[in-house]
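K.L.:
Have a look at this one before I ask anything.
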Amino acid sequence: MCDCPATYEGVLCEQEVDDCAASPCQNGGECVDASGSYSCSCKDGFSGVDCERVVSGCDDQPCLNASTCVGQGSAYTCQCKPGYAGNNCQQDVNECATNPCKNGALCTDGINKYTCACKAGYSGTECQTDINECATNPCKNGASCINGVNKYTCTCAAGYSGTECQTDIDECATSPCKNGASCINGVNKYTCSCSNLYTSPTCQYLEVKLVPTTFLGGGWATIATDISNDGLVLLMNATKGSSSAIGRLVDFGAANSVTLGAPYVDASGYGINNDGGVIVGSGLFDSVDNAIKIVGSTTSTLDLSPLGWGDAYTVSKAVSADGTAVVGTISAGGGTTAFYCKSGQACREVPTASSGILKTATSVSGDGSVVVGYTVGSDGSVSAWRWLTSTAQGATLSLPSTSWTLSSARGVSRNGLVVVGGAAINGVDHAVRWSGTPLTATDLGTGLANDTSADGSVTVGTDAGVPTVWFGTTRQTLASVIGTNPDLSGATLNDAVAVSDDGKVVAATATVSGVKRALMIRLP
């Protein structure tokens, strides 16, 4: 008998041992015999030498961030810890993605949480609470507190000032009492103790100043055209024969002429800015009136070529308080239009809803953002308008009824919210003030309004040649406001053309001994 090796059998050891004969592969695995061994080809879902082990999807530990793996055969499901997401819990959930932090706060993402870094003035988990800075009652002396973001604002009761209204305003600090009178300060008031020679709340006669007859050597007629917003400089045109010049009357004192220099032959001034440092008008050279702007001692001609009117007569009519905007007219070929020039910008035509043969810009607000004027139609109609320079087109100022016609805008307040001028009511010329939102016309009675103070509370003009002042809607002749004043002995007031921003100084013209003389008048 043959002693066979372990891998063979049979009488003569001729037959290789079948290692698969014992069916070692489990769970339907297929056995593959080899010399002295076997291998199992397992079905899906099983593994091991003999396919004895059920395969689990969790074997490779696919679930991250301490999540729990739940096997389902070769499949698996990860049960994520709060703050994670994804098939394998591999994603940190961004709790800031929903923008939970309010009012511009910075959101910082964490694990299953977020943190809001609030901007100053806010509090709360999500910075949702505006901290009430008024809670500590910081405002003094009966002031009202307005809460803001990280701040507060105190609206002081009349007579107090300061960040917290802690200061009693000294109403005597501006020396309101004149002619040596003593001033007694109170809360939001003062009292003048006058000497026996003076009366009125401030112990003074109303101050007036006529341009002296010696101006430019004498023989010149002077006509007031405007006054600086601060009320310190009166602008006037002076004429003598065929000559014309621009003059100034400074703070009820000296009068002086404005030097233009070559190439200008004659000149006229029509508008002056806040402190009198900028004057606009027209200068004559080459037999043509040219719109000019005078800043200090420098005179320049406005470049109106962008309007495309070619050779034309041009006049600057008004300048803004800040001196940056000029308005006026340009005339050629029987037509007239209004122009607007702003520092740093090309001059352009004033766009208005109304069209006609004559469009005139008469006044401009303090910052140059509002222009007013009027348009004369070919049918003889006249329409007042106001143009906000931030808009594409000016708007015709409304009138309350068809009995109001022939409206014209002559002046605008520094803030652009009040417009004055005139209109015919049942065929009679009346002074008109437009104010409110929207602008609404108010009848001031017969006459024509020329100018108004910064807040529109004081308006000046004329009524049938009589200079008139309106305090609100209450009218008085300028002569009655002044009262008896020896400086005006023999003078007849002709016109009131302009008023300072504070409503305290009027530019006017009077006739004295048959000669026109400009004058400044201080109102009460």
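The values are calculated or read from the model by the stated rules, or taken from the named source; none is laboratory data. In this text, all values refer to a predicted model and were calculated from it rather than measured experimentally. Neighbour counts run over all protein chains shown; Cβ positions are idealised from the backbone, glycine included.
K.L.:
Mind telling me which of the residues Arg414, Arg410 ends up being in a strand (DSSP E or B) and charged (D, E, K, R)?
P.N.:
Arg410
K.L.:
Continuing with this model, one more query. I'd like to know if the stretch 189-208 contains one or more residues that are closer than 30 Å to Cys134 by Cα and surrounded by fewer than 17 Cβ atoms within 10 Å (Cβ to Cβ). Talk me through it step by step, then tell me what you get.
P.N.:
The initial filter retains those residues of the stretch 189-208 that are closer than 30 Å to Cys134 by Cα, namely 189.
Then drop every residue that is not surrounded by fewer than 17 Cβ atoms within 10 Å (Cβ to Cβ), which leaves 189.
Yes: one or more hits.
K.L.:
I'd like the full set of residues that are farther than 24 Å from Thr225 by Cα and of a type in the set (S, T, N, Q), limited to the stretch 314-354.
P.N.:
Gln345, Thr352, Ser354
K.L.:
Let me ask another. Out of the residues in the stretch 138-182 meeting the condition of being hydrophobic (A, V, I, L, M, F, W, C) and touching a helix residue (DSSP H, G or I) at 6+ places or on another chain (Cβ under 8 Å), tell me which one is surrounded by the fewest Cβ atoms within 10 Å (Cβ to Cβ). I'd like the intermediate steps shown before the answer.
P.N.:
Step one: filter the stretch 138-182 for residues hydrophobic (A, V, I, L, M, F, W, C), giving 139, 143, 145-146, 149, 154, 156-158, 165, 169, 172-173, 177, 181.
Right, trim to touching a helix residue (DSSP H, G or I) at 6+ places or on another chain (Cβ under 8 Å) and you get 145-146.
Numbers: Cys145: 19, Ile146: 13.
The qualifying residue surrounded by the fewest Cβ atoms within 10 Å (Cβ to Cβ) is Ile146.
K.L.:
With buried (at least 19 other Cβ atoms within 10 Å of the Cβ), assigned by TED's automatic domain parsing to the domain that holds Val371, free of Cβ contacts under 8 Å to residues at least 60 places away in the same chain and not aromatic (Phe, Trp, Tyr) as the only criterion, which of Ser300, Ser316, Ser305, Ser343 stands out? Even if it seems obvious, please write down each step before you answer.
P.N.:
Working: Ser300 fails: buried (at least 19 other Cβ atoms within 10 Å of the Cβ); Ser305 fails: buried (at least 19 other Cβ atoms within 10 Å of the Cβ); Ser343 fails: buried (at least 19 other Cβ atoms within 10 Å of the Cβ).
Sole residue among the options that is buried (at least 19 other Cβ atoms within 10 Å of the Cβ), assigned by TED's automatic domain parsing to the domain that holds Val371, free of Cβ contacts under 8 Å to residues at least 60 places away in the same chain and not aromatic (Phe, Trp, Tyr): Ser316.
K.L.:
Only residues that are crowded, with 22+ Cβ neighbours inside 10 Å and either modelled with pLDDT of 95 or more or under 19 Å from Thr214 (Cβ atoms) (or both): list them for the stretch 510-524, please.
P.N.:
Ala510, Arg517, Ala518, Leu519, Met520
K.L.:
Right, another one. Is at least one residue of the stretch 292-309 within 17 Å of Val370 (Cβ to Cβ) and of a type in the set (Ser, Thr, Tyr)?
P.N.:
First pass over the stretch 292-309, keeping only residues within 17 Å of Val370 (Cβ to Cβ): none.
Looking for residues that are within 17 Å of Val370 (Cβ to Cβ) and of a type in the set (Ser, Thr, Tyr), one finds none in the stretch 292-309, hence no.
K.L.:
Turning to a different aspect of this structure: If we only count strands (runs of 3 or more DSSP E) wholly inside the stretch 450-502, which ones have 3 or more residues that are surrounded by 21 or more Cβ atoms within 10 Å (Cβ to Cβ) and touching a strand residue (DSSP E or B) at 6+ places or on another chain (Cβ under 7 Å)? Steps first, answer last, please.
P.N.:
Details: elements: 458-463, 466-471, 474-477, 491-499.
Correct list: 458-463, 466-471, 491-499.
K.L.:
Which of the following residues is modelled with pLDDT of 95 or more, within 19 Å of the chain's Cα centre (by Cα) and not acidic (Asp, Glu): Ser413, Ser398, Ser363? It would help to see each step written out before you state the result.
P.N.:
Details: Ser398 fails: within 19 Å of the chain's Cα centre (by Cα); Ser363 fails: within 19 Å of the chain's Cα centre (by Cα).
Within the list Ser413, Ser398, Ser363, the selection yields Ser413.
K.L.:
Can you name the residue in the stretch 432-445 that is under 30 Å from the mean Cα position of the chain (by Cα) and of a type in the set (Gly, Ala, Ser) and is also surrounded by the fewest Cβ atoms within 10 Å (Cβ to Cβ) among such residues?
P.N.:
So the residue we want is Gly436.
K.L.:
Now for a separate question. Can you find, within the stretch 433-456, the residue that is nearest to Ser398 (Cα to Cα) among those that are of a type in the set (Ser, Thr, Tyr) and at pLDDT 95 or above?
P.N.:
The first filter runs over the stretch 433-456 and keeps only residues of a type in the set (Ser, Thr, Tyr), leaving 435, 437, 440, 442, 446, 452-453.
Now restrict to residues that are at pLDDT 95 or above: 435, 440, 442, 446, 452-453.
On the way: Ser435: 11, Thr440: 7, Thr442: 11, Thr446: 19, Thr452: 19, Ser453: 22 Å.
If we take residues in the stretch 433-456 being of a type in the set (Ser, Thr, Tyr) and at pLDDT 95 or above, then Thr440 is nearest to Ser398 (Cα to Cα).
K.L.:
Let me ask something else. Out of the stretch 81-120, which residues are among the hydroxyl-bearing types (Ser, Thr, Tyr) and part of a loop (DSSP other than H, G, I, E, B)?
P.N.:
So the first thing to find is which residues in the stretch 81-120 are among the hydroxyl-bearing types (Ser, Thr, Tyr), and the list is 84, 98, 108, 114-115.
Result: Thr98, single match.
K.L.:
Quick one: in the stretch 367-407, of everything that is assigned to a loop (DSSP other than H, G, I, E, B), in contact with a strand residue (DSSP E or B) (Cβ under 7 Å, 6 or more places away or on another chain) and not small (Gly, Ala, Ser), which residue is surrounded by the most Cβ atoms within 10 Å (Cβ to Cβ)?
P.N.:
So, considering only residues that are assigned to a loop (DSSP other than H, G, I, E, B), in contact with a strand residue (DSSP E or B) (Cβ under 7 Å, 6 or more places away or on another chain) and not small (Gly, Ala, Ser), the one surrounded by the most Cβ atoms within 10 Å (Cβ to Cβ) is Leu397.
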